[in-house]
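The values are calculated or read from the model by the stated rules, or taken from the named source; none is laboratory data. Bear in mind that the values here come from a model prediction, so they are computed numbers and not experimental data. Backbone-built Cβ (ideal geometry, glycine too); neighbour counts: all protein chains shown.
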Amino acid sequence: MSAPASCRCRARRAARHRRGGRWCRHHHAFGRLKVTHSETGAPIPRAYVKVFYRTSEGDKGRFYKDGYTDLRGVYDYTAISTDELGKTQRFALLVVSDADGSAIKEASPPRS
């Protein structure tokens with residue numbers, strides 16, 4: 001059984017969800033997510049990340065992008081080739097790892 005996954009980033013708020021007896025915890029900083037194993041510190045590659053964004057308080061949210069963490073366990077969730085980042089008020093991230101569980105995270109857009 002794997003130990004919990006965690007992140008070595010600054011965070012405002014994180015959610016943890018139990019899945020199959022394992023824990024997974026994630027945080028954000030500067031528009032990048034780094035997912036690491038909580039006991040060994042090893043990166044967790046190939047964790048799926050699905051990102052939604054909200055432009056105003058009443059907005060129900062829209063799909064922004066999705067992808068997988070790289071070999072370093074890093075995913076840049078803000079980088080896209082449109083101007084949507086400038087309109088974004090809030091992000092919601094779903095992170096899923098088959099071995100280490102899942103997490104839902106809210107994040108403010110990074111400020112330059």
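Taking segment 46-60 as the range and being in contact with a Ser or Thr (Cβ under 7 Å, 6 or more places away or on another chain) and either loosely packed, with under 14 Cβ neighbours inside 10 Å or under 23 Å from residue 71 (Cα atoms) (or both) as the test, the residues that pass are 46, 47, 49. Got at least one residue in segment 8-22 being in a loop (DSSP other than H, G, I, E, B), modelled with pLDDT of 75 or more and not hydrophobic (A, V, I, L, M, F, W, C)? No.
Here the condition is being without any contact (Cβ under 8 Å) to a residue 40 or more places away in the chain and more than 17 Å from the chain's Cα centre (by Cα); of 73, 86, it holds for 86 alone. Scanning segment 99-112 for residues that are in a loop (DSSP other than H, G, I, E, B) and either surrounded by 13 or more Cβ atoms within 10 Å (Cβ to Cβ) or in contact (Cβ under 8 Å) with a residue 24 or more places away in the chain (or both) turns up 99, 100, 108, 109, 110. Taken together, the residues in segment 23-33 that are closer than 13 Å to residue 103 by Cβ, surrounded by fewer than 22 Cβ atoms within 10 Å (Cβ to Cβ) and modelled with pLDDT of 50 or more amount to 0. Give me the residue from segment 61-84 that is small (Gly, Ala, Ser) and part of a loop (DSSP other than H, G, I, E, B) and, out of that set, surrounded by the fewest Cβ atoms within 10 Å (Cβ to Cβ). Selected residue: 81.
Among residues that are among the small types (Gly, Ala, Ser), outside any helix (DSSP H, G or I) and touching a strand residue (DSSP E or B) at 6+ places or on another chain (Cβ under 7 Å), residue 58 is not included.
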